[in-house]
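> First the structure, which I've put down as structure tokens, then a few questions once you've had a look.
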Amino acid sequence: MSVSNSYSQTKGEKQIFILRNKQQLAKAIDNAKALHPKVRMIEFGEYQVSGSTGNTYTVLCYCAGGEKIVDCNCPSRVPCKHSAAALALHVHVAARRGH
Ligand SMILES: [Zn+2]
């Protein structure tokens, strides 16, 4: 089990981005701000993000085993801009809710 990476990938199309520290989080949010993808919240923890090619991806943000998980269904490598964009909104909403 590696602890050097802040994210990990699983087999096939399913890719999961695990945040292990605040620097990683800040970096992801900075990327999202720079790219300005469109993010729509379906519900808290579930987001639809429009990519540069016009495709829409679903990103799930949740906690498991004390870790923040960001799960995007796009085919690109993680952490992708969709994950970052959804995460930025997720963190924003979570902060407003007092999480
Ligand atoms: Zn993605």
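> Look through region 53-84, keep the residues that are of a type in the set (S, T, N, Q) and either touching a residue at least 24 places away in the same chain (Cβ under 8 Å) or closer than 25 Å to Gly98 by Cβ (or both), and return whichever of them is nearest to the ligand (Cβ to nearest atom).
Once the filter is applied, the top-ranked residue is Ser83.
> Continuing with this model, one more query. Considering only strands (runs of 3 or more DSSP E) fully contained in region 36-99, which possess at least 3 residues that are in contact with a helix residue (DSSP H, G or I) (Cβ under 7 Å, 6 or more places away or on another chain) and surrounded by 19 or more Cβ atoms within 10 Å (Cβ to Cβ)?
56-64
> Name, by its number, the condition in (1) out of contact with any Pro (no Cβ under 7 Å at 6 or more places or on another chain); (2) assigned to a loop (DSSP other than H, G, I, E, B); (3) modelled with pLDDT under 85; (4) within 16 Å of the ligand (Cβ to nearest atom) that does not hold for Glu13.
(1)
> Would you point out which residue out of Pro37, Pro79 is more than 10 Å from the chain's Cα centre (by Cα) and modelled with pLDDT under 85?
Pro37
The values are calculated or read from the model by the stated rules, or taken from the named source; none is laboratory data. Owing to the predicted nature of the structure, the values given are computational and were not obtained by experimental measurement. Positions of Cβ are generated from backbone atoms using ideal geometry, with glycine treated the same way; all protein chains shown enter the neighbour counts.
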